[in-house]
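Just below is one structure, and these are the notes that go with it.
The values are calculated or read from the model by the stated rules, or taken from the named source; none is laboratory data. As the structure is a prediction and not an experimental result, all values here were calculated from the model. Positions of Cβ are generated from backbone atoms using ideal geometry, with glycine treated the same way; all protein chains shown enter the neighbour counts. For accessibility, only protein heavy atoms count, side chains too; no ligands or nucleic acids. Shrake-Rupley method; radii C 1.70, N 1.55, O 1.52, S 1.80 Å.
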Amino acid sequence: MEREWRKIEDHPLYEVSNDGMIRSIARGKPKILKHWKHRHGYPMISLGRGNRFCIHALVLCAFAGPRPDGMEACHYNDIPDDNRIENLRWDTKEGNREDIRRRGAYGRGANHSHGNAKLTLDQVMEIYTSDVPGAVLAKKYGLFKNSIYAIRTGKTWAWLTGHKAQPPSKA
């Protein structure tokens, strides 16, 4: 596919391509900008002071239209730095979470959220849905009981389990 460039809305001195490149057109001659990666592997770009963006969201805005209410930018293949327009879509947070569950993946086909995770997504869901006492699960997975409690109450892994924290009750 041939590279196509479009202006970035609200930032007329910058353009985004259909394959996720960003360039400045401020000085007449276009200049490709360098990006950095978010801790989850998503390429980020700064368009002026204090204007940081995920590149996949800029690609979608330019080539698929503005972000619909309640939607987020999602990758079909779960590779966070594959920002080709054909790999991107607007979807709900729940739809994105379902992709992660279905594929057992979070970025680059891994089965956990980052390199320091001790549990797979399936193990987290087993802990979350299990009636087995926390002490037993903690021993089984080599964790502390408070880690099991944190999963079950949504303090950790809520993005996966969908757990909604309950507000404190009034006594």
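At a glance:
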| quantity | calculated |
| --- | --- |
| Residues (closer than 21 Å to residue 37 by Cα and surrounded by 14 or more Cβ atoms within 10 Å (Cβ to Cβ)) located in segment 64-79 | 72, 73, 74, 75, 77, 78, 79 |
| Verdict on residue 49 being within 17 Å of the chain's Cα centre (by Cα), among the basic types (Lys, Arg) and part of a loop (DSSP other than H, G, I, E, B) | no |
| Every pair of residues 6+ apart whose Cβ atoms lie under 6 Å, when the first sits in segment 122-136 and is closer than 22 Å to residue 101 by Cα while the second is at pLDDT below 90 | 124/157; 124/160; 128/161 |
| Residue 77, sole failed condition from (1) under 17 Å from residue 8 (Cα atoms); (2) free of Cβ contacts under 8 Å to residues at least 12 places away in the same chain; (3) of a type outside the set (A, V, I, L, M, F, W, C) | (1) |
| Lone unmet requirement of (1) among the acidic types (Asp, Glu); (2) open to solvent by less than 30 Å² (accessible area, probe 1.4 Å); (3) assigned to a strand (DSSP E or B) for residue 82 | (3) |
| Checking residue 43 against (1) over 13 Å from the mean Cα position of the chain (by Cα); (2) open to solvent by less than 60 Å² (accessible area, probe 1.4 Å); (3) not β-branched (Val, Ile, Thr), the condition it does not meet | (1) |
| Hey, residue 122 open to solvent by 60 Å² or more (accessible area, probe 1.4 Å), more than 26 Å from residue 79 (Cβ to Cβ) and not hydroxyl-bearing (Ser, Thr, Tyr) or not | no |
| The lone exception for residue 103 - which of (1) modelled with pLDDT of 80 or more; (2) open to solvent by 40 Å² or more (accessible area, probe 1.4 Å) it fails | (1) |
| Filter pass, residue 89 being in a loop (DSSP other than H, G, I, E, B) and either open to solvent by 40 Å² or more (accessible area, probe 1.4 Å) or in contact (Cβ under 8 Å) with a residue 12 or more places away in the chain (or both) | no |
| Test: residue 36 is within 19 Å of the chain's Cα centre (by Cα) and free of Cβ contacts under 8 Å to residues at least 12 places away in the same chain | yes |
| Residue 42 without any contact (Cβ under 8 Å) to a residue 60 or more places away in the chain and closer than 16 Å to residue 83 by Cα | yes |
